[in-house]
Amino acid sequence: MAQLWGGRFTKETDKLVYNFNASISFDKKFYKQDIEGSIAHVVMLEKQGILTAEEKDSIIKGLTSIREDVENGTLEITDEYEDIHSFVEANLIDRIGDAGKKLHTGRSRNDQVALDMRLYTRAEVLEVDALLKELLTDLLSIMEENLETYMPGFTHLQKAQPVTLAHHVGAYFEMFKRDRLRLKDIYFRMNYCPLGAGALAGTTYPLDRNYTASLLGFEGPTLNSMDSVSDRDYLIEFLSAMSTIMMHLSRFCEEIIIWNSNEYRFVEIDDAYSTGSSIMPQKKNPDIAELVRGKTGRVYGALMSLLTTMKGLPLAYNKDMQEDKELTFDAIDTVKGCLALFDGMVKTMKFNKDIMAESAMNGFTNATDAADYLVNHGVPFRDAHGIIGKLVLYCIDKQTSIDKLSLEELKAISPVFEEDIYDAVSLKTCVEKRLTMGAPGPEMMKEVIRMEKEYLAEEWQDK
Ligand code: ARG
């Protein structure tokens, strides 16, 4: 049991207490960030005349060698240390002796852990963003290839009006685009450095917090030392943004599961992304889509968990905050895994275009267009709605569709119908004519795709 704080204590910590309190099993994940933060700290301490150049060099050399040895497997991060901070400091002292004992000057584990977690999650925000961008790029390709792939659009999961696959996928494009905007926002809000806040009240050493912040790529230092060590808002925001990403993925998965069902057969998920049944030889199950949908729950859970952990905490640091880590790491890994797998599944999925078009044709998705035809021939919309309602009833009775009726049958319901009704209610016309901004008409979609391409060419991360 290696502890940094034994001095005040006369008894050994109970073994169970030690294990309950320790965080090494999960905070070892950010050994790199801990070392990076420590290097910036000592560079600043030397600039401020708090450490000598030799002490600084020796500490940096020691820290770098620890990082290398962890990376090449010669130094193992074991449970004998309470946390990653103790592990690094103890190993440093082992390697360089007394100079190592000066590393923690003007610093507390409270601002140290706040920094480590921020550095870790800041990089993860960019990684999640990059995965979203990749998904958006692939969705855009599907859109470009399917401007005239007709399918039914649904409300209440009932066929409503015809759309195209490009348009349907385009709806998800907008969702994931907003998800990226949320990440960008979070990144800029979180990008301030808590190091130098000390335990809660700053320090009497003449630290240059602006300098440390700039060494670590932050916009600047945080402005209140109590807030610096107890703020976990950025994690809550990140978990919330990740929950929204999962919600979007889950909705898309739900649709894919429906589309992949024997009843719909709109899509066929690639063999590489499906699994079989141990008993039913005919089965090919959409497990990946189901798992992504299922894993949404655990990301929501992480958000609720941290919100609840934080709600009753008095200022400033409390040990409760240690609970922010496992669940955030798990949520990040889950979201990244889901994004990568979902992208692979969608990219390789086969769309049964004929079945989709056939489905769009049946189910009276052109009823609104038939009513619009009457309106264009002088019938008030409300009357047209009633006439087409009767027409639909007639078709249901005859088990047919509007476009298959003879002109006599149509005229019997309204004399306004002429030969050109057939063209007006064809699938192609129904879709092509929908040219309002954001509508599925291919000409409009082309314009939207052009705008989305421009958007994808922007790189906010490079700023
Ligand atoms: N493992 C702790 C955490 O994750 C590090 C900070 C410890 N600070 C303290 N005062 N015990 O929050």
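We did not get these values from a lab; they are worked out from the coordinates using the rules stated. Please read all numbers here as calculations on a predicted model, not as lab measurements. Backbone-built Cβ (ideal geometry, glycine too); neighbour counts: all protein chains shown.
Yes/no per residue for (1) in a helix (DSSP H, G or I); (2) free of Cβ contacts under 8 Å to residues at least 12 places away in the same chain; (3) not charged (D, E, K, R):
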| position | (1), (2), (3) |
| --- | --- |
| 92 | yes, no, yes |
| 100 | yes, no, yes |
| 107 | no, no, no |
| 113 | yes, no, yes |
| 125 | yes, no, yes |
| 129 | yes, no, no |
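Give me the residue from the stretch 93-102 that is out of contact with any Ser or Thr (no Cβ under 6 Å at 6 or more places or on another chain) and either of a type in the set (Gly, Ala, Ser) or closer than 16 Å to residue 33 by Cβ (or both) and, out of that set, nearest to the ligand (Cβ to nearest atom).
Step one: filter the stretch 93-102 for residues out of contact with any Ser or Thr (no Cβ under 6 Å at 6 or more places or on another chain), giving 93-95, 97-98, 100-102.
Filter once more, so that each one left must be either of a type in the set (Gly, Ala, Ser) or closer than 16 Å to residue 33 by Cβ (or both): 97, 100.
Numbers: 97: 25, 100: 19 Å.
Selected residue: 100.
For residue 36, which of the numbered conditions (1) under 16 Å from residue 91 (Cβ atoms); (2) touching a residue at least 60 places away in the same chain (Cβ under 8 Å); (3) not in a helix (DSSP H, G or I) fails to hold?
Of (1) under 16 Å from residue 91 (Cβ atoms); (2) touching a residue at least 60 places away in the same chain (Cβ under 8 Å); (3) not in a helix (DSSP H, G or I), only one is false for residue 36: (3).
Tell me, yes or no, whether the stretch 191-199 has at least one residue that is farther than 25 Å from residue 247 by Cβ, in contact (Cβ under 8 Å) with a residue 12 or more places away in the chain, assigned to a strand (DSSP E or B) and not basic (Lys, Arg).
Checked the stretch 191-199: at least one residue is farther than 25 Å from residue 247 by Cβ, in contact (Cβ under 8 Å) with a residue 12 or more places away in the chain, assigned to a strand (DSSP E or B) and not basic (Lys, Arg).
In the stretch 303-325, which residue that is in contact (Cβ under 8 Å) with a residue 24 or more places away in the chain and more than 16 Å from the ligand (Cβ to nearest atom) is farthest from residue 251 (Cα to Cα)?
Top of the filtered list is 307.
Counting only residues that are in contact with a Pro (Cβ under 8 Å, 6 or more places away or on another chain) and of a type in the set (Asp, Glu), which one in the stretch 103-158 is surrounded by the most Cβ atoms within 10 Å (Cβ to Cβ)?
The selected residue is 111.
Identify, please: which residue in the stretch 70-90 is part of a loop (DSSP other than H, G, I, E, B) and crowded, with 21+ Cβ neighbours inside 10 Å and is, among those, farthest from the ligand (Cβ to nearest atom)?
Filtering first and then ranking leaves 82.
Look at residue 204 and say whether it is in a loop (DSSP other than H, G, I, E, B), of a type outside the set (Gly, Ala, Ser) and either within 16 Å of the ligand (Cβ to nearest atom) or closer than 30 Å to residue 36 by Cβ (or both).
yes
Of the numbered conditions (1) in a helix (DSSP H, G or I); (2) farther than 28 Å from residue 231 by Cβ; (3) without any contact (Cβ under 8 Å) to a residue 40 or more places away in the chain, residue 67 fails exactly one; give the number of that condition.
The failed condition is (2).
Looking at 196, 100, 170 in this structure, which one is surrounded by 21 or more Cβ atoms within 10 Å (Cβ to Cβ), in contact with a Lys or Arg (Cβ under 6 Å, 6 or more places away or on another chain) and of a type outside the set (A, V, I, L, M, F, W, C)?
Only one candidate qualifies: 196.
Every residue in the stretch 51-66 that is crowded, with 18+ Cβ neighbours inside 10 Å and of a type outside the set (Asp, Glu), please. Step through it out loud before you land on a result.
First pass over the stretch 51-66, keeping only residues crowded, with 18+ Cβ neighbours inside 10 Å: 51, 55-56, 58-59, 62-63, 66.
51, 56, 58, 59, 62, 63, 66 - these are the residues of the stretch 51-66 that are crowded, with 18+ Cβ neighbours inside 10 Å and of a type outside the set (Asp, Glu).
Looking only at the stretch 5-33, count every residue that is outside any helix (DSSP H, G or I), within 16 Å of the ligand (Cβ to nearest atom) and among the basic types (Lys, Arg) and tell me the total. Break it down stepwise before answering.
Here is the first cut: in the stretch 5-33, the ones outside any helix (DSSP H, G or I) are 5, 9-14, 22-23.
Next cut, within 16 Å of the ligand (Cβ to nearest atom) only: 5, 9, 13, 22-23.
Then keep just the ones that are among the basic types (Lys, Arg); that gives none.
The number of residues fulfilling the criteria is 0.
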